[in-house]
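Here is the structure we will look at.
The values are calculated or read from the model by the stated rules, or taken from the named source; none is laboratory data. Keep in mind that this is a model prediction, so the values were computed, not measured. FYI the Cβ positions are ideal-geometry reconstructions off the backbone, even for glycines, and counts take in every protein chain you see. Side chains included, ligands, DNA and RNA excluded: accessible areas come from the protein's heavy atoms. Shrake-Rupley method; radii C 1.70, N 1.55, O 1.52, S 1.80 Å.
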Amino acid sequence: MKLAFSTLGVPGLPLTDVLALATAHGYHGVELRAHPEEPVHPGLGPAERTAVAAESEAAGIEILGLAGYARVAAPGEDEPVLAEIRALLDLARDLGAPFVRVFPGGGAGQRPEEADATAARRLGTAAEYAADLGVRILLETHDSHRTGADAIRVLGLVGHRQVGALWDVMHTWLGGEQPAESYAALSPHLGYVQVKDIASADDTTPLPLGAGVLPLTDCVEILSRHGWDGWLCWEYEKRWYADAAPLPDLLTPGREHLARLLSESA
């Protein structure tokens, strides 16, 4: 498995510095938070996109994916959501990133079957555009669809190879799923896995990997046992927790922890 970290852990940091951190701490790639407050986002022009792609290639660091904020199950008209996804897909194509992340984002008043159908309709439409660009859309286990069982209801309706799953191990755990259950549901569709650690279900402040309660050992073990060889991406949510320890100091210990879990699972 290859290791990456998300720029959610280093909010606003220039790309040059992000790539330098990945190189210095032994990571293979980075997930870029594609938001206007970050250096890389869909508003970049052609020259800026070319420069980003060239810089990452020169550094030898892969851009794993773009973490977007489109909410595919949200109530409302389809076109604004589809336009947001298309903009992410265009940026991913220009940067050479294989994946874009979307959220479920179902509304509190929606019936589950309505949210599922809305998400599937939009993802199915966007999948054709994604196929033309060679980029894959990943539905993250999050918010209204936080478990593998939730996500698979949508993915089963879509049934398109360009639409898959992003397994956020915190959300499936918070949803009451065991890693084996999450993997069984998501494995036919799995793009990559976001790892992290927290103190408890009531305190989701990010912690160094291995310092909290999330079942990272079980997650890595089941991935290894099934021969999965994709990406593990550390999503350290510093952007939402200003008092959390700075990520740069944690990157090497985090990589070493994941490497140890991989070695033990082998």
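Observations
- Heavy-atom accessible area with a 1.4 Å probe sorts Asp132, Asp116, largest first, into Asp132, Asp116.
- Residues of region 79-109 with amide N under 16 Å of a point placed 7 Å along Cα→Cβ from Ala53: 87-100
- Scoring 236-248, 181-193 by mean Cβ neighbours within 10 Å over their residues and listing the highest first yields 181-193, 236-248.
- Computed in the context of the full set of protein chains, the accessible area of the chain at 1.4 Å probe radius has 52% of its extent on carbon or sulfur.
- For the chain, the solvent-accessible area of protein heavy atoms averages 40 Å² per residue (probe radius 1.4 Å; ligands and nucleic acids excluded).
- Computed from point charges on the beta carbon alone (+1 for Lys and Arg, -1 for Asp and Glu), the dipole magnitude for the chain about its Cα centre is near 380 Debye.
- Over region 66-132, relative contact order from alpha-carbon pairs under 8 Å, at least 6 apart, %: 48
- Measuring nothing but how far apart in sequence close Cα pairs (under 8 Å, 6+ apart) lie, relative to its length, region 145-266 scores a relative contact order of 23 percent.
- Computed from point charges on the beta carbon alone (+1 for Lys and Arg, -1 for Asp and Glu), the dipole magnitude for region 115-210 about its Cα centre is near 360 Debye.
- Region 177-266: C-alpha gyration tensor shape, a/c 1.5 cut-off, then a/b vs b/c: prolate
- Charges were assigned to the Cβ only: +1 to each Lys and Arg, -1 to each Asp and Glu. The resulting dipole of region 160-256 about its Cα centre is roughly 360 debye.
- Span per principal axis, largest first, for the Cα atoms of region 219-266 (Å): 37, 18, 13
- Accessible surface, 1.4 Å probe, highest first, among residues Arg93, Arg33, Arg146: Arg93, Arg146, Arg33
- Which labelled figure in (i) 34; (ii) 41; (iii) 45 is percent of Cα pairs over 27 Å apart, once derived from the coordinates: (i)
- In plain terms, the chain from Trp240 to Ser200 could stretch by 12.7 nm, reckoned as 0.36 nm per residue minus the Cα-Cα distance.
- Distance between region 190-233 and region 239-259 - C-alpha centres, whole angstrom: 14
- Average Cα contact separation per residue, the chain, under 8 Å, 6 or more apart, as relative contact order %: 19
- Descending by average beta-carbon neighbour count within 10 Å, the peptides 149-161, 133-145 line up as 133-145, 149-161, the highest first.
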